[in-house]
1. Residue 139 passes all but one of (1) loosely packed, with under 14 Cβ neighbours inside 10 Å; (2) at pLDDT 95 or above; (3) assigned to a loop (DSSP other than H, G, I, E, B); which number fails?
2. Taking the residues in the range 114-133 that are surrounded by fewer than 22 Cβ atoms within 10 Å (Cβ to Cβ) and in contact with a helix residue (DSSP H, G or I) (Cβ under 7 Å, 6 or more places away or on another chain) as candidates, determine which candidate is nearest to residue 67 (Cα to Cα).
3. Which residue is nearest to the chain's Cα centre (by Cα), if the candidates are limited to the range 117-129 and must be farther than 14 Å from residue 95 by Cα and in a helix (DSSP H, G or I)?
4. Condition check: in a helix (DSSP H, G or I), in contact with a strand residue (DSSP E or B) (Cβ under 7 Å, 6 or more places away or on another chain), in contact (Cβ under 8 Å) with a residue 12 or more places away in the chain and more than 21 Å from residue 142 (Cα to Cα). Does residue 77 satisfy that?
5. Can you name the condition, by its number, that residue 59 falls short on among (1) touching a residue at least 24 places away in the same chain (Cβ under 8 Å); (2) surrounded by fewer than 20 Cβ atoms within 10 Å (Cβ to Cβ); (3) closer than 27 Å to residue 36 by Cβ?
6. Search the range 84-105 for residues being modelled with pLDDT of 95 or more and closer than 22 Å to residue 16 by Cβ, and hand back the single one that is surrounded by the most Cβ atoms within 10 Å (Cβ to Cβ).
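The values are calculated or read from the model by the stated rules, or taken from the named source; none is laboratory data. On a predicted model such as this, the values are computed, not experimentally measured, just so you know. Here the Cβ is made from the backbone with ideal geometry for all residues, glycine too, and neighbour counts use every protein chain on show.
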């Protein structure tokens, strides 16, 4: 492996991991079991837009893990399809359905491998609890439907712990980024 260029530092697993946490899109409320709830028409559009937004921001993940529940797996598949042909396949992960933050962290530790950026698609309260725990977010912080929290982690996938991350942004499916862009430099 070649040495890093002069003045640059070698890549570090501890400073370069990103976790994208995508909450499933809007789902039907009636008629089937919780696990089998389908996305609404709006939910399907929002899931596609969530993926398109990640693509515009050049946030294509190395791997995608999703709850196998209908509303989550379809959200994941629509979002990944909107990323384009180089996006990874969605990998259903049964433990993500209705999981606590502890279970979600264990799934990431077991499945993260060499990935630098992961996309995890699932459900609240587990997803929001995971992001809150990793980033020391205020009590009651919650991720909206079809929104993606972008976290930067100072840990390996196997060593996730309270406060090891920083919330970079929350990307809504349609609106502008959560933080306004920086103004252009004055000439």
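1. Among (1) loosely packed, with under 14 Cβ neighbours inside 10 Å; (2) at pLDDT 95 or above; (3) assigned to a loop (DSSP other than H, G, I, E, B), residue 139 violates only (2).
2. 123
3. Here the residue is 128.
4. yes
5. (3)
6. The qualifying residue surrounded by the most Cβ atoms within 10 Å (Cβ to Cβ) is 104.
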